[in-house]
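The values are calculated or read from the model by the stated rules, or taken from the named source; none is laboratory data. Just so it is clear, the structure is predicted and the values come from calculations on it, not from any experiment. Heads up, the Cβs are rebuilt from the backbone with ideal geometry, glycines too, and the neighbour counts pull from every protein chain shown.
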Amino acid sequence: MRRIVRLLLKASWRVFMSDNIDKMNEIFRAQDERGAESSSDMPPRPRPRREPIKAVDKLLIDEDASERSNYTGDDLSERDYRPVRQSHEYRSGCLGGLMYFAFVLCVSVVLACLAWMAASDALALNKDSFTAVVSLPTDIFDYETVDTFDEAGNKTGTKRVTHADIDYVADELKSAGLIEYKWLFEFFCRISNADTKVDPGEYELSSSFDYRALIKNMQVGSGATVTISVTIPEGFTMQQIFKRLDENKVCSYEDLMDAAANYSYNYDFLAGIPEGDATRLEGFLFPDTYEFYVGMQASSAINKLLENFHYKITDEMLTQMKTMGLDIRTVVNMASLIEREAANDNERKLIASVIYNRLAVGMPLGIDASILYIHQDHEGAPTGEMLTEESPYNTRLNVGLPPTPIANPGLASIQAVLAPETTNYYYYALDTATGQHRFFTNSGEFDAFVATQSYE
């Protein structure tokens with residue numbers, strides 16, 4: 001298109017110049033011919049004096065023709081002088097008009113071409129069909145909290161507003177070939193407040209999208225948002241979950257930890273738990289397979305897990321908790337211990353019975369999984385130093401449950417807490433030969449069995 005504009009300008013200039021040059025040549029040729037005819041009919045004349053010329057000039061501006069009647073110049077007459085001057089003025093006027101017309105025509109053509117190019121880009125006209133993935137990371141967004149008001153002008157609360165770096169967005173779109181004129185797209189974004197209408201994420205966009213469609217499809221939940229399936233296994237800790245989400249480019253680990261600590265989530269099971277510590281969400285990030293948006297906000301990703309937990313806990317389960325005198329945090333805490341200890345579903349209710357039995361008589365739970373919670377990078381059985389460590393998570397030294405859940409349990413472990421087996425077991429140990437746990441009623445049987453095992 002730019003080449004076409006240059007060719008039109010060049011051609012217009014050539015036509016303009018060629019036409020004017022031809023006209024000027026014709027004028028000069030006519031004057032030369034007229035001068036040649038005059039010189040052939042009359043003998044050579046001396047150089048005219050200034051007085052007749054002044055007289056002719058006075059004659060041309062004489063309004064009452066008083067001088068015209070008295071003038072009898074020998075060299076030039078009024079009849080010879082006036083028509084030549086009028087013809088020259090007429091031809092000069094025509095030439096100026098043609099030049100002005102040509103200039104206006106050229107400018108109009110240029111403006112029309114520029115308008116067409118701009119419209120083609122903004123409206124996605126005459127573009128090759130293709131798709132491109134554009135990524136908008138969270139660090140190009142600024143956030144602010146603004147007040148919200150009802151129709152009467154009363155404050156109803158606050159909301160979080162995002163502002164995208166439009167210069168970065170335009171660069172990404174241009175690099176992907178989705179727009180041609182970065183300045184035009186930025187201008188459109190500014191007049192349409194598009195910086196508040198796009199979200200962090202990864203989007204698959206089509207070249208057929210005009211400016212408005214590009215902005216609309218760079219929002220979480222749009223059809224262009226790239227999604228990814230992520231499975232959260234039962235027994236994963238919060239840190240393990242956040243690392244997996246980071247690895248799958250859902251959002252960064254740091255943003256997730258910050259949102260877990262400081263974002264306000266409106267769920268009854270979190271009521272009374274102070275903000276400021278990310279561990280307040282441990283146990284409530286329900287393990288399941290999820291569809292996340294790539295590059296979504298951390299608070300939104302966490303909310304998907306919390307919302308799933310909310311729907312998994314039925315009214316019947318809440319009623320059972322109330323009947324047993326348990327609150328939901330205690331249930332989740334016990335379920336997290338079972339989740340990390342049980343080798344299979346058959347063991348969950350038996351382990352639950354051991355926990356209940358020990359709590360009833362005031363025995364330390366002695367569950368090593370709670371010690372390993374504060375040493376999540378450690379692999380294998382806890383060391384002797386860990387077992388003697390002064391920590392509220394050391395259930396060998398402290399009576400009762402750890403201060404928080406130590407993992408995020410699945411539904412089976414939660415149900416085991418609500419419906420445990422009725423036993424007189426107080427001990428259990430892993431049988432390394434079978435990979436299953438053995439259960440015992442007294443310490444003698446337990447110690448004898450443990451002596452036959454190697455837990456290195």
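Here are a few things to note about the model shown:
- Against the list (1) buried (at least 18 other Cβ atoms within 10 Å of the Cβ); (2) modelled with pLDDT of 95 or more, the condition Leu372 fails is (2).
- Any hit, the range 250-268, residues being over 18 Å from Leu136 (Cβ atoms), of a type in the set (Val, Ile, Thr) and not assigned by TED's automatic domain parsing to the domain that holds Ile374: no
- With respect to (1) assigned to a helix (DSSP H, G or I); (2) outside the structural domain of Pro409 (by TED's automatic domain parsing); (3) loosely packed, with under 13 Cβ neighbours inside 10 Å; (4) not polar (S, T, N, Q), the lone exception for Ile302 is condition (3).
- Picking from residues in the range 138-171 that are part of a helix (DSSP H, G or I) and modelled with pLDDT of 80 or more, the one that is surrounded by the most Cβ atoms within 10 Å (Cβ to Cβ) is Val169.
- Test: Phe269 is farther than 16 Å from Asp327 by Cβ and either buried (at least 18 other Cβ atoms within 10 Å of the Cβ) or in contact with a Leu (Cβ under 9 Å, 6 or more places away or on another chain) (or both): no
- Candidate set from the range 124-158 (those that are more than 23 Å from Leu184 (Cα to Cα) and either of a type in the set (A, V, I, L, M, F, W, C) or in the same structural domain as Ala298 (by TED's automatic domain parsing) (or both)); member that is farthest from the chain's Cα centre (by Cα): Ala152
- Test: Val226 is in contact with a strand residue (DSSP E or B) (Cβ under 7 Å, 6 or more places away or on another chain) and buried (at least 17 other Cβ atoms within 10 Å of the Cβ): no
- Whenever a residue of the range 379-390 is more than 14 Å from Gly366 (Cα to Cα), its partners that are at pLDDT below 85, lying with C-beta atoms within less than 8 angstrom and at least six residues away or across chains, give the pairs Gly380/Glu456.
- For the range 189-223, a residue qualifies if it is touching a residue at least 40 places away in the same chain (Cβ under 8 Å), assigned to a helix (DSSP H, G or I) and buried (at least 20 other Cβ atoms within 10 Å of the Cβ), and the qualifying residues are Tyr211, Leu214.
- Of the residues screened, Lys127 is not one that is at pLDDT below 85, outside any loop (DSSP other than H, G, I, E, B) and either out of contact with any Lys or Arg (no Cβ under 9 Å at 6 or more places or on another chain) or closer than 22 Å to Ser252 by Cα (or both).
- Residues in the range 245-266 that are touching a helix residue (DSSP H, G or I) at 6+ places or on another chain (Cβ under 6 Å) and exposed (fewer than 15 other Cβ atoms within 10 Å of the Cβ): 1 in all.
- Every condition in (1) at pLDDT 95 or above; (2) over 20 Å from Gly283 (Cβ atoms) is met by Gly325 except one, and the failing one is (2).
- Taken over the range 272-290, the criterion of being more than 25 Å from the chain's Cα centre (by Cα), more than 21 Å from Leu326 (Cα to Cα) and buried (at least 17 other Cβ atoms within 10 Å of the Cβ) is satisfied by Ala278, Pro287, Asp288.
- Check on Thr323, assigned to a helix (DSSP H, G or I), on the phi < 0 side of the Ramachandran plot, over 44 Å from the mean Cα position of the chain (by Cα) and of a type in the set (Val, Ile, Thr): yes
- Subset of the range 227-249 (residues that are among the acidic types (Asp, Glu) and in a helix (DSSP H, G or I)): Asp246, Glu247
- Some residue of the range 206-228 being more than 24 Å from Asp165 (Cα to Cα) and in contact with a Phe, Trp or Tyr (Cβ under 7 Å, 6 or more places away or on another chain): yes
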